[in-house]
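Okay, structure first, notes after.
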Amino acid sequence: MNIEETDIILIKKFLADDNESFAKIYQRYKDMVYNISCKIVGEQEAADVTQETFVTVYRKLGQFDFRASFKTWLYRIVINSCLLVLRKRRKGSVTVNNKNLSSIENAELLSAPDRRDEPEKILADKEFDKVLQDALFSLKEKHRALFTMVAVEKLSYSEASDIFNCSTKAVKSQLCRIRNILKDKLEPYIKG
């Protein structure tokens, strides 16, 4: 039995008033939700976002229509919870650094060289992480969330299109735009 079938069985049991099934869903996905929240809203508010996400899931699980995967539905809820927090505070940081981004397309534009040997180079890496944080913070909230889900969480374009309710082509186009913005902001630091 695959995990999707298990999710569906747990959801159906929960809808039939088996609260233990919800506890199993929570245990299965709490770390994933917390990690995504950390990357989008920062560690200070990630626990609150995680809690709010699962409160929403608990209240709205009856509206889950079983056409999309549960995980995609959950991603959409956590993204919406994160965006709500970001809108409320209009200030914040994304907890992402150049080590998290090593496998992104064009990663050489977003990664500082390995400088563990020398203290001044370690400081330069920390400075680069700060520049990267600032560059990510400068993105629109939805762009920051999209970039985090695809570049850091490794969602496919198709999964991202389901979560953000747009076409795969729109996801690719937005990510291209986002990468160009980040490239422009980070290039002077990398070349310098």
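The values are calculated or read from the model by the stated rules, or taken from the named source; none is laboratory data. Keep in mind it's a predicted model, so treat the numbers as computed, not measured. All Cβ positions, glycine included, derive from the backbone under ideal geometry; neighbour counts span all protein chains shown. The accessibility values were calculated without ligands, DNA or RNA, using every heavy atom of the protein model including side chains. Shrake-Rupley method; radii C 1.70, N 1.55, O 1.52, S 1.80 Å.
Things to note:
- Protection proxy ranking of 67-80, 140-153, by the mean of other Cβ atoms within 10 Å over each peptide's residues and highest first, is 140-153, 67-80.
- Extended-chain gain in nm, criterion 0.36 nm per residue less alpha-carbon gap, ALA68 and SER138: 22.0 nm
- Ordering 13-19, 168-174 by mean Cβ neighbour count within 10 Å, with the highest value first, yields 168-174, 13-19.
- Segment 28-70, accessible surface, carbon-and-sulfur percent (1.4 angstrom probe): 42
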